[in-house]
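No value in this document is a laboratory result; all are computed from the given coordinates. These numbers were taken from a predicted model, which means no experiment stands behind them. Every residue, glycine among them, receives a Cβ derived from its backbone with ideal geometry; neighbour counts consider all protein chains shown.
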Amino acid sequence: MEIICWQPAGVSLALIALAEVGDKSQLVCMVLAARHNRAWPVLLGAAVAFCALNGAAVLFGAALTAWLPQGWVLGAMAALFAAFGLHSLLQAEADEDEDAAEISGRGLFVTAFLMIFVAELGDKTQIAVVGLAGIYPAVAVWLGATAALVLTSAAGVLAGKKILRRLPLVWLHRLAGLLFLALSALATWRLFQLIQ
């Protein structure tokens with residue numbers, strides 16, 4: 001077996017990292033890590049989700065989009081982000097001194113995995129991975145894209161833990177709630193555009 005071409009892996013890493021900085025998956029990682037003050041389950045859940053998503057993108061390409069209509073993905077994303085946003089806003093009403101309900105490491109891993117998986121399914125980065133896999137060797141694209149997504153998620157986890165130390169928890173909940181409701185509204189708007 002030939003050595004993996006590192007140039008296509010580097011191109012994939014750079015393009016996907018630039019596309020993902022500030023995207024919703026970073027926000028999910030930041031909020032989960034900050035809220036539960038546990039980084040590893042969040043990062044591992046995100047990494048497993050990205051491995052699976054990039055694998056599907058590389059293996060199935062454009063056929064994946066044909067199997068799952070974009071409307072379904074947008075609807076699931078809108079509902080998930082709305083629920084998470086409302087939960088965050090309701091949590092903000094709780095006593096500032098009260099800690100957030102602790103989720104086990106396994107529960108936090110599953111939460112991170114599911115949120116990232118649903119949010120990124122059919123997203124611009126997955127479509128970019130499909131396109132890159134049509135040009136470059138699949139293994140190199142998968143390695144570069146997955147490394148980029150894990151690194152940007154790690155940056156989100158670290159940012160979440162730093163913000164929690166400086167901001168009162170109640171303000172973090174309010175900010176997260178508003179941001180997730182805005183993402184839900186954006187997904188709903190895109191769904192209505194798709195329907196028309």
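Per-structure values
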| item | result |
| --- | --- |
| Projected label distance in nm at Leu151 and Ile127, using a 7 Å step from Cα toward the beta-carbon | 2.4 |
| Amide H contacts of Leu121 (H built 1.01 Å from N, under 5 Å, at least 5 apart or other chain) | none |
| Computed lengthening from Trp171 to Leu158, 0.36 nm per intervening residue step minus Cα-Cα distance | 2.9 nm |
| Efficiency of FRET from Cβ geometry, Leu186 and Trp6, R₀ 30 Å, rounded to 0.05 | 0.25 |
